[in-house]
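Structure first, then comments.
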Amino acid sequence: MIDKGLPESEVMRLLEETRKRDYSYDRFFSTMCTQPHPIAVKAHDMFLETNLGDPGLFPGVADLEERVVAMLGELLGCPNACGYVSTGGTESNIQAIRAARNEAGIKEGNIVVPASAHFSFDKIGDLLSLEVRKAELDRSLKVDLSSVQALLDERTVALVGIAGSTEFGQVDPIEDLAGMAGERGIHMHVDAAFGGFVLPFLKKKFKWDFSLPAVSSITIDPHKMGLSTIPAGGLLFRGAECLNALETETHYLTRARQASLTGTRSGAAAAATYAVMMHLGREGFQKMVDYCMDLTAYLLAGARKMGIEPVIEPVMNVVALSVPSPAAVREELMKLNWHVSMTREPNRALRLILMGHMSKEKIDLFLGDLEAVHSKLQAAEMS
């Protein structure tokens, strides 16, 4: 730390110079986050100093969090759901599995997840001392039910299904998984960090949420397709017993018990999420999802014109393009300031997320560069 502080203007100049090094969202195809809605930013700023870790001191924002949980619960088929606003999908997944483990009371237990599961489940295995069993995927990159069945046993504390996989946007057969979990009395968790704000608004309907009686918990991220500020996640439980399984005593705070993973929690995320959900409503989110799906179809049509097919037909606004040498294609596109990512083996592909910050004009520019890169690499292979 420096001895003598700098004038505010100098500090701000340093910050502005540093901020210029960050890239622009309109060149991002790799991220599931996006620019927050302006009303979310205003609400975030208004509640920046509030602390949900000590809700008795901030009853206003604590009430907003309860309203957010109720709205999310209604969206996901359970108006009476309980939970809280977390920092994001990783924390929500950790807490869901922690609740399942605590309820089961099994030592040296295991969880069964699809091979497509988010890397947060690897962290969970390490943090909670659980064996993470990964079920194989079928040809459509959904979890294979026979593989799941073979991995379940008397020490399984939770079964996980993905509603919008990070790499392909695929939706597992949650109804079948929930049936397996229900038969065995196992906690069924659905990771819908991305899909939670997409699936309710798609033309094609899936059975994946609390409308299935065996689903115990759901992860949903308002800071993704929910247009809230970062970080804003959501963890929902069907019943209070799961939330109670997370509680610890907090003697010196205004409330005697706390279920969240972090102690101090800014109320800004809850306020931002409340603001954008109230402002947009179902109609607004429907328009946003329709826009993103239209962009998805537009990009896919352009890719197909140059002979590039998707690994699977997109379920939501996530596209994995099957290109030769995807690592080389990505490297060349990055040189042109396009931020794209790749999926894992054995289905290595170019991964693109079509978020609201993208436009057809930008997609046209991207497709032009993709075609040039594709042709360049093909010519190099033939020479």
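The values are calculated or read from the model by the stated rules, or taken from the named source; none is laboratory data. None of the values given here were measured: they were computed from a predicted structure. Methodologically, a virtual Cβ is constructed for each residue, glycine included, from the backbone with ideal geometry; neighbour enumeration extends over all protein chains shown.
Odds and ends about this structure:
- Single condition Asp126 does not satisfy, out of (1) charged (D, E, K, R); (2) crowded, with 17+ Cβ neighbours inside 10 Å; (3) over 24 Å from Leu212 (Cβ atoms): (2)
- Test: Leu253 is surrounded by fewer than 23 Cβ atoms within 10 Å (Cβ to Cβ), within 23 Å of Val143 (Cα to Cα) and aliphatic (A, V, I, L, M): no
- Residues in region 56-77 that are in contact with a Gly (Cβ under 9 Å, 6 or more places away or on another chain) and either surrounded by fewer than 22 Cβ atoms within 10 Å (Cβ to Cβ) or aliphatic (A, V, I, L, M) (or both): 10 in all.
- Filter result for Leu321 (modelled with pLDDT of 95 or more and in a strand (DSSP E or B)): yes
- Scanning region 310-328 for any residue that is under 19 Å from Thr34 (Cβ atoms), in contact with a strand residue (DSSP E or B) (Cβ under 7 Å, 6 or more places away or on another chain) and hydroxyl-bearing (Ser, Thr, Tyr) turns up nothing.
- Residue within region 267-280 that is under 27 Å from Asp369 (Cβ atoms), at pLDDT 95 or above and in contact with a helix residue (DSSP H, G or I) (Cβ under 9 Å, 6 or more places away or on another chain) present: no
- Within region 331-372, the residues that satisfy the criterion of being more than 23 Å from the chain's Cα centre (by Cα) and of a type outside the set (A, V, I, L, M, F, W, C) are Glu331, Glu332, Lys335, Asn337, Lys360, Glu361, Lys362, Asp364, Gly368, Asp369, Glu371.
- Elements of the type helices (runs of 4 or more DSSP H) sitting completely within region 1-116 and holding at least 2 residues that are over 17 Å from Ile230 (Cα atoms), touching a Cys at 6+ places or on another chain (Cβ under 9 Å) and modelled with pLDDT of 95 or more: these cover 59-75, 89-104.
- Residue in region 198-208 that is β-branched (Val, Ile, Thr), surrounded by 19 or more Cβ atoms within 10 Å (Cβ to Cβ) and in a loop (DSSP other than H, G, I, E, B) present: yes
Residue by residue, here is whether (1) assigned to a helix (DSSP H, G or I); (2) farther than 30 Å from Glu74 by Cα holds:
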residue	(1), (2)
Met293	yes, no
Ala301	yes, yes
Met316	no, no
Asn347	no, yes
